[in-house]
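Q: Dumping the structure here so I can ask a few things about it.
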Amino acid sequence: MAEHPAYPVGLRLTGRRVIVLGGGQVAQRRLPALIAAGADIVLVSPEATPSVEAMADAGEITWERRPYRDGDLADAWYALIATSDHDANARASAEAERHRVWCVRSDDADQATAWTPATGHSEGVTVAVLTTSARGRDPRHTAAIRDAVVEGLRDGTLVAPHHRTRTAGVALVGGGPGDPDLITVRGRRLLAEADVVIADRLGPRDLLAELPPHVEVIDAAKIPYGRYMAQEAINNALIEHAKQGKSVVRLKGGDPFVFGRGMEEVQALAEAGIPCTVVPGISSSISVPGAAGIPVTHRGVAHEFTVVSGHVAPDDERSLVDWPSLAKLTGTLVILMGVDKIGKIAETLVAHGKSPDTPVALVQEGTTAAQRRVDATLATVAETVRAQDVKPPAVIVIGAVVAVGPSASE
């Protein structure tokens, strides 16, 4: 055939008969997409891989356990020819040509009537990459292009804003512990599409520098509060911008619902009739210890971990934490927002039975370039914090797991 580029088209296969010849690795890779497309799939093959067999057992495909025979493609809309028998593949390909069935051949793409593009998906969009001609086909190159485009769409480095389908509203995005690479793919994409970003001090600040010039970035700490409480003023700012028809991202550190007051914002938006999307984030309670070489659980050492807010001292009447019970636990205790209260916390834990020699690690500015780890014990931690000038934000880890990994203490 003359050299012409392939004509790209999206096949709508829902309820339509698709024949797959061969139950090996090629079929195993291609079948999930055909199943997702809603095709009526008939697999013709004497044998199949365990994964393909599982699809048949689940009723996702019909499996005829025999070799290909002439006539199998008569009523098909599409065929995937992928047996290990080159002669059978050639005969099936010729049958597809006679019946005008588009077919893909795994053993000889040049003899096929269709090619399978390298495909990927991102938020309802399918990216398909095809080599323009049979000559010089390079599947690895097309796959690399596919991966680059999909990754760019997912992480926001390739910005393709919605227009017709875009709706105003708020996305409550957990930014992770501080390293900009630790925000979720969805969070980064929503950030790239925002008109307005209202950011916390503990959010991944480096990401804000990547935003286009038209994006309005608001520091939540600098919103004029006037007669309002700080949180109420933030809620009002979210509602005001969303009602102007803008796409708003509320960028928070860690996870929105782990001591982040995220639910208060969700409730305020719901009362105002503003749609809200919640994007979970990586909590500093587990990521920061991990970045410092501390596992919050470890076989034979700790079978549980407890995360506690330390912003209220144990002897404060506002405290909701049962500190005496925590002192009796044998697992790991992770304290957030507790640097200035750690002396009183350590004293309370020891008073209720925790050993003064229990290891403690404080990880300041975790996952960022300024990260540092300071080790102590419950008996020495108050003085260590003063001597080492440990400042918030810092995650405090108490328990035997502190001594498990390599120490980076100062």
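Q: Going by what's in this entry, would R65 be described as basic (K, R) and either touching a Leu at 6+ places or on another chain (Cβ under 8 Å) or touching a residue at least 60 places away in the same chain (Cβ under 8 Å) (or both)?
A: Considered against the rule, which asks whether it is basic (K, R) and either touching a Leu at 6+ places or on another chain (Cβ under 8 Å) or touching a residue at least 60 places away in the same chain (Cβ under 8 Å) (or both), R65 comes out as no.
Q: Which pairs have Cβ atoms under 7 Å, sit 6 or more apart or on different chains, and link a residue in the range 226-237 that is without any contact (Cβ under 8 Å) to a residue 24 or more places away in the chain to one that is in a loop (DSSP other than H, G, I, E, B) and hydrophobic (A, V, I, L, M, F, W, C)?
A: Matching pairs, first to second residue: A233/I223.
Q: Among (1) modelled with pLDDT of 95 or more; (2) assigned to a loop (DSSP other than H, G, I, E, B), there is one condition D75 misses while meeting the rest; what is its number?
A: With respect to (1) modelled with pLDDT of 95 or more; (2) assigned to a loop (DSSP other than H, G, I, E, B), D75 is out only on (1).
Q: Further, regarding this structure: Of the residues in the range 345-389, how many are touching a Ser or Thr at 6+ places or on another chain (Cβ under 8 Å) and assigned to a loop (DSSP other than H, G, I, E, B)?
A: 6
Q: Quick one: what pairs do we get from the range 38-50, first residue within 12 Å of P67 (Cα to Cα), second part of a loop (DSSP other than H, G, I, E, B) and hydrophobic (A, V, I, L, M, F, W, C), C-beta under 8 Å, 6+ apart or different chains?
A: L43/I61
Q: Any chance you could count how many residues in the range 390-407 are over 18 Å from V307 (Cα atoms), outside any helix (DSSP H, G or I) and over 29 Å from the mean Cα position of the chain (by Cα)? Break it down stepwise before answering.
A: Going through the range 390-407, the residues over 18 Å from V307 (Cα atoms) turn out to be 390-391, 403-407.
Adding the requirement that they be outside any helix (DSSP H, G or I) leaves 390-391, 404-407.
Pick out the ones that are also over 29 Å from the mean Cα position of the chain (by Cα) and you get 390-391, 407.
Total meeting the criteria: 3.
Q: When the range 312-355 is examined, which residues are found to be out of contact with any helix residue (DSSP H, G or I) (no Cβ under 7 Å at 6 or more places or on another chain), small (G, A, S) and surrounded by 12 or more Cβ atoms within 10 Å (Cβ to Cβ)?
A: Those that are out of contact with any helix residue (DSSP H, G or I) (no Cβ under 7 Å at 6 or more places or on another chain), small (G, A, S) and surrounded by 12 or more Cβ atoms within 10 Å (Cβ to Cβ): S319, G331, A351, S355.
Q: Same structure again: Select from the range 244-267 the residues that are part of a strand (DSSP E or B) and of a type in the set (G, A, S) and write down the one among them that is nearest to V334 (Cα to Cα).
A: Keep residues of the range 244-267 that are part of a strand (DSSP E or B), which gives 247-252, 254.
Filter again for of a type in the set (G, A, S), leaving 247, 254.
On the way: S247: 35, G254: 14 Å.
Here the residue is G254.
Q: Does the range 213-229 contain any residue that is buried (at least 22 other Cβ atoms within 10 Å of the Cβ) and under 29 Å from R372 (Cα atoms)?
A: Residues of the range 213-229 that are buried (at least 22 other Cβ atoms within 10 Å of the Cβ), as a first pass: none.
Among the residues of the range 213-229, not one is buried (at least 22 other Cβ atoms within 10 Å of the Cβ) and under 29 Å from R372 (Cα atoms), which makes the answer no.
The values are calculated or read from the model by the stated rules, or taken from the named source; none is laboratory data. In this text the structure is predicted, and so the values were computed from the model without any measurement. Cβ atoms come from the backbone with ideal geometry, glycine included; neighbour counts cover every protein chain shown.
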